[in-house]
Each structure stands twice: as structure tokens, then as C-alpha cells.
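Just passing along the structure, written as C-alpha cells.
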Amino acid sequence: MFIAMNRFKVARGSEAAFEAIWRERDSRLGEMAGFKSFHLLKGPVTEAHALYASHTIWASRADFEAWTRSEQFRQAHKNAGQNKDLYLGPPEFEGFETILGE
Ligand code: HEM
């Protein structure tokens, strides 16, 4: 199993706009081999920002990497740079390999 997380620092006051972008997106993750699940998570809120993470589970790192090279990934991100005013800095990506688990 492979977990891919991209963390976004969203400026306070922009949370609803950020959530709307994700709620209204055309998702094609379900078309991908090895795709298991997607969640958009909201984490700690500070005075400056609200932390969000896009969290996906894949059968393997190779399946995730194939998605990042796919037409589906390109389409999902064609407008991703257009709302820079919502964010404090660029997103931070982290990938996790399963070591133990049921
Ligand atoms: C390897 C790095 C990245 C991963 C793992 C990732 C993950 C994801 C996932 C899982 C989705 C949903 C796709 C779908 O449902 O079909 C998505 C969409 C999105 N990503 Fe990324 N992403 C990455 C890079 C980026 C970067 C660099 C940005 C910002 C510049 C970004 C911003 C967005 C936005 C705003 C959406 C919603 C798109 C929309 O419909 O407007 N992502 N991303």
C-alpha cells in the first residue's frame, strides 16, 4: 500500500473557496489502476492558515507514479496554479510506504 499526501496551507477566510474547488472538481481517480481511496482532510487551524491535506491510498507506489504521469493527473491539475491567493506558499507533498498493518 502507498499513501500520497499533499498538504495545503490555506489562508484564513479562504477555506470555503478552497473546499468548493475540491467539491466541484471532475475526479477521474476511479479510472486508475491501483486507486483505493481519496479524502480531503482538514487539520489544525492557526491564526494565519488552515491546514488541509489531499490523501490518497494506492495499491503500490508504482500505481501512484503512473497516475502522476497520466492524462487524468494532467487534467486534474490544469487549473491548479490559478488560485495562488488562497494559499500561503506551495503545497508540500509526502509519500508513505506501508511497513506494518492489517
Ligand atoms: C505529486 C504531487 C501532487 C499530488 C499527489 C496531488 C494530488 C491530487 C489529487 C489526488 C487530486 C484529485 C484528483 C482527482 O480527483 O481526479 C488533486 C487535484 C488538485 N490538486 Fe493536486 N496533487 C499534486 C500536485 C499539486 C500541486 C503542485 C498543486 C498546486 C499548485 C495541486 C493542487 C491541486 C488542486 C487545486 C486540485 C483540485 C483541482 C481542481 O479541480 O481545480 N496539486 N491533486
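Please go through region 16-44 and give me each residue that is in contact (Cβ under 8 Å) with a residue 12 or more places away in the chain and more than 15 Å from the chain's Cα centre (by Cα), ordered by number.
Listed by number, the residues that qualify are A17, E31, M32, A33, G34.
Based on what the data block shows, is F18 at pLDDT 95 or above, crowded, with 16+ Cβ neighbours inside 10 Å and touching a Pro at 6+ places or on another chain (Cβ under 6 Å)?
Considered against the rule, which asks whether it is at pLDDT 95 or above, crowded, with 16+ Cβ neighbours inside 10 Å and touching a Pro at 6+ places or on another chain (Cβ under 6 Å), F18 comes out as no.
Restricting region 66-102 to residues that are surrounded by 10 or more Cβ atoms within 10 Å (Cβ to Cβ) and among the small types (G, A, S), which is farthest from the ligand (Cβ to nearest atom)?
A66
For region 21-35: of the residues being under 18 Å from I3 (Cβ atoms) and surrounded by 14 or more Cβ atoms within 10 Å (Cβ to Cβ), which is nearest to the ligand (Cβ to nearest atom)?
Result: L29.
Is it true that H49 is away from the ligand (no atom under 11 Å from the Cβ), of a type outside the set (D, E, K, R) and surrounded by 11 or more Cβ atoms within 10 Å (Cβ to Cβ)?
Numbers: away from the ligand (no atom under 11 Å from the Cβ): yes; of a type outside the set (D, E, K, R): yes; surrounded by 11 or more Cβ atoms within 10 Å (Cβ to Cβ): yes.
Answer is yes for this residue.
The values are calculated or read from the model by the stated rules, or taken from the named source; none is laboratory data. Given the structure is predicted, the values throughout are model-derived calculations rather than measurements. Note: ideal-geometry Cβ built from the backbone for every residue, glycine included; neighbour counts use all protein chains shown.
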